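The values are calculated or read from the model by the stated rules, or taken from the named source; none is laboratory data. This one's a predicted model, so the numbers in the text were calculated from it and none came from an experiment. So basically every Cβ, Gly included, is an ideal-geometry build from the backbone, and we count neighbours across all protein chains shown. Heavy atoms of the whole protein, side chains included, go into the accessibility calculation; ligands, DNA and RNA do not. Shrake-Rupley method; radii C 1.70, N 1.55, O 1.52, S 1.80 Å.
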Amino acid sequence: MIEETLSAETNFYFAQPQWMPWVLIAGALLLFVSILSYRGSRMPMGYRTLALAIRAIGIGLLLFCLLEPMGSTERAKPQANAFALLVDNSQSARETWKSIGQSMGYTDPLAWSQERLRNEADWMRKLGEEFRIRRYLFDHSLHAIDSFEGIQQTGDESALIRSLQSLVERYQSPDDSESNSTRGQPLAGVLLFTDGQATDWEKLAGERAFPVPIYPVIQGEASEVRDLAISDVSVTQSDFETAPVTLSASIAHLGFRNQKVTVVLRDQEGKEIEAKTVSLPNDEENAPVEFRFRPTSVGAQGYELNVKPLAEGTSDSGAEAEWTLLNNRRYQVIDRGRGPYRILYVAGRPNWEYKFLSRALSEDPEVELTALIRIAKKEPKFSFRDNRVDSSNPLFSGFEDISDEEKEQYDEPVYVRLGVKESGELQKGFPKDLGELYQYRAIVLDDIEPEFFTQEQQSMLRQFVSIRGGGLLALGGQESMRGSEFSRSVLSQLLPIYHDPGTPFAADLTSDPNIETIASVRMQLSRDGWLQPFMRLADTEAGEKKRLESMPGFQVWNRVRELKPGASMLAQGVLEGDSEASGPIPLLATQRFGRGRTAALMIGDWWRWAMRREGKEPAPLYQAWRQLFRWLITDVPQSVDIRVIESEDSARARRIVVDVKGPDYQALDNAQVQLIVLKPDGTKMELLADPSAETPGRYETIVLLDTEGVYTVEAKCSGQDGSDAGKAESGWVYEPLAKEFQGLGENRKSLSELAERSGGKLLRWDELDAFVENVPSDEIPVKEKRVFPLWHQSWVIVAAIACLCLEWGWRRRYGLA
């Protein structure tokens, strides 16, 4: 006889169903005889009914056995299914289990978990009787193991979801290789031993239900947690080295309410830049901290943030009480870029604006201004019959030391070139070749008519903005943004304004500087302008309003009809004495155009601002010019762009992607891209990037990381002929322990969600014995049906005899035989 435990999954049937009519007849007769036997009894009616019911149950059980009732249940076929035991090998799990062991009173805090994970543990032995047990560890990846005894739990990552995916793939993979010994084996479930502080929980959101049930096991008892951690590190910066950098972070804390901590910022050499004392709030809310500093070097560079308790007396007393010190440090990489960035300034005539503009940008080592200023327009072309008549421009009359080749002809304009790198640069005026134009990141057009440019040059300006991604700024003046020629030009299409056809002629735009006959316009920031940092010079709103009030009125500006759809007005003007009755006048507008941006500053005498300054302080105009130009060339694409992307398959891998463009800023194929990776310990790796099979001009490679800290990479590119195609630099941070210890203790909420989505159940360590006794069979792949006779069960005959004896004793009490 096979003893079986009845459960909700047990099915019943009768082995001798043909005896059913006779059993019913016999039951009816016996019940009738029993009723007759109680006739004339002195027993109360209620007791009589109860006695009849007890006799009926006893007789019914005996008749029930005549039908030979059988039970059947489905259970796992012994040794036909595998059951995986997955143990967290990370440092966070070790610290959590150590804390649990301390709360349980163990001398060795990890002894309790080691005892429960021994191969000889009762629950593991019982589970092994029904299933083939497979043991695994996981940290940054999945590892098969024969025994859990002696595991160190030194992993710096808990790739839980990725490890579960890998585990399931091992049992479902169609690979026939000998190394995949688990291929095709049915997996009944996974017992997961972890603290739940996974570093890839975000992958669970995109993961469909796991095909096997997962049973996370937790303890739920830990000592009181005291810990400090740095989180939410972010950087706000400009693309220029001289602009300040703001590094923000949050201090997370448990058990440190109303205490003070010290936050230290260091550079990659370990030199302290600044230290701040932060008071932690009374609740568990994070405490913000912010550093403003000016980096002293260029390119990608690393910084380190460190937090520690501000302990009274000895500095170590507070640190010893923390859960872990591995989350007290965070790294941040800042890419300052490498200039200088070139800007081309083109003016239709010498003016005051260039004087102050060049002064302002001369103080910025990351901006290099090249100027092309026309000092004489070309004259109508005609033929001289007298060879004694000089055909050169009259501007050169009297200069005998200038050769005829260097003199512009009568029908050619005369230029002054300033800030050029080579003698032949801009010698014939505005560039006529895209390669020459594309070396600049921005172009400034000051008081120049559209007819100055040929149709081909205007088309080049469009390509400079839309394809090259450069910036274009037009300044106001008597020749700028006006007239029918402007409305038909490419410049009108590029700029964010519709010019006013009623704009007066140049003679009406200006006035005698000694006798002011026209109203001045006062500059104000628009709503969008207040939101742009480069438009503000003061640190506070009150200081900025005071600065705006101190600005002079401007007397030369270009009127516009309206802004184009999608354009933004950053600055507006109000006529003095008008009290805004006529509405705001657009003074600075911008819009995106293709890959680049264009802007129009309608003011033609911004230099007046430099005439007003207090004491020996630099004129605010200089700062305004620098900030405007920094904004103009921000996000302008380089010929070589490098990106570092975290691999989806492993947090220890980085995919380096390099996009290379030729002189025409089209994708450059057949290039050679050499990568030099500098590791945190100072060692270098040199490797070559491979061309992408999907995107032209793209080159990729994979780098595996093994050291925590800041990594930098430099890409050196060359063309097919060996010519220099440019270079770029980037950096990234690898800090697995910071992410590993962002959460503390057991993450019950996430583990419950994982169990629910997989069809499993959240268990406690002390429930393992009961679980292995009756493993849920719904999801077990290979099962067998077990049949057992219920009428052979001892409880059936015992219950029948007990009912008959009880009824007989009841009858004897009331004098019945």
> What number of residues within the stretch 82-104 satisfy the criterion of being open to solvent by 10 Å² or more (accessible area, probe 1.4 Å) and assigned to a helix (DSSP H, G or I)?
Replying inline: 6
> Restricting the stretch 592-605 to residues that are in contact with a strand residue (DSSP E or B) (Cβ under 7 Å, 6 or more places away or on another chain) and open to solvent by 20 Å² or more (accessible area, probe 1.4 Å), which is nearest to R522 (Cα to Cα)?
Replying inline: G604
> Inside the stretch 750-760, can you point out the residues that are assigned to a loop (DSSP other than H, G, I, E, B) and open to solvent by less than 40 Å² (accessible area, probe 1.4 Å)?
Replying inline: G760
> How about the stretch 435-485: which of its residues are of a type in the set (F, W, Y) and buried (at least 21 other Cβ atoms within 10 Å of the Cβ)?
Replying inline: Y438, Y440, F464
>> I'd like the full set of residues that are closer than 19 Å to S758 by Cβ, open to solvent by 60 Å² or more (accessible area, probe 1.4 Å) and out of contact with any Leu (no Cβ under 8 Å at 6 or more places or on another chain), limited to the stretch 125-169.
In response: E169
> Can you name every residue in the stretch 772-795 that is modelled with pLDDT of 80 or more, part of a loop (DSSP other than H, G, I, E, B) and open to solvent by less than 30 Å² (accessible area, probe 1.4 Å)?
Replying inline: V775
> Among the candidates K616, K716, which residue alone is more than 26 Å from the chain's Cα centre (by Cα), at pLDDT 90 or above and basic (K, R)?
Replying inline: K716
> Among the residues of the stretch 732-749, which ones are hydroxyl-bearing (S, T, Y) and open to solvent by 30 Å² or more (accessible area, probe 1.4 Å)?
Replying inline: none
> Filtering the stretch 524-554 down to residues that are open to solvent by less than 20 Å² (accessible area, probe 1.4 Å), within 24 Å of P618 (Cβ to Cβ) and not in a helix (DSSP H, G or I), which residue is modelled with the highest pLDDT?
Replying inline: L525
> Which one is farthest from W323 (Cα to Cα) among residues in the stretch 110-150 that are aromatic (F, W, Y) and part of a helix (DSSP H, G or I)?
Replying inline: W123
> Does V798 fit the bill of being aliphatic (A, V, I, L, M), modelled with pLDDT of 75 or more and in contact with a Pro (Cβ under 9 Å, 6 or more places away or on another chain)?
Replying inline: no
> With respect to L570, is the statement that it is in contact (Cβ under 8 Å) with a residue 60 or more places away in the chain, outside any helix (DSSP H, G or I) and either open to solvent by less than 60 Å² (accessible area, probe 1.4 Å) or under 24 Å from G477 (Cα atoms) (or both) true?
Replying inline: no
> Which number in (1) open to solvent by less than 80 Å² (accessible area, probe 1.4 Å); (2) over 27 Å from L678 (Cβ atoms); (3) of a type outside the set (D, E) marks the one condition that V298 misses?
Replying inline: (2)
>> So the check is Cβ under 6 Å with 6+ separation or different chains; which pairs have a first residue in the stretch 260-273 that's assigned by the TED database to the domain that holds V307 and within 15 Å of V333 (Cβ to Cβ) and a second one that's among the small types (G, A, S) and part of a strand (DSSP E or B)?
In response: Q268/G302
>> So, F486, is that one of a type outside the set (D, E) and farther than 19 Å from L372 by Cβ or not?
In response: yes
> Given the residues N282, N258, N306, which is the only one that is part of a strand (DSSP E or B) and open to solvent by 10 Å² or more (accessible area, probe 1.4 Å)?
Replying inline: N306
> Would the stretch 50-64 turn up any residue that is open to solvent by 30 Å² or more (accessible area, probe 1.4 Å), aromatic (F, W, Y) and at negative phi?
Replying inline: yes
> Here is a list of conditions, (1) farther than 30 Å from L187 by Cβ; (2) outside any helix (DSSP H, G or I); (3) touching a residue at least 40 places away in the same chain (Cβ under 8 Å), and T107 meets all of them except one; can you say which number that is?
Replying inline: (3)
>> Considering only residues that are touching a strand residue (DSSP E or B) at 6+ places or on another chain (Cβ under 6 Å) and open to solvent by 60 Å² or more (accessible area, probe 1.4 Å), which ones fall in the stretch 699-723?
In response: I702, L704, K716
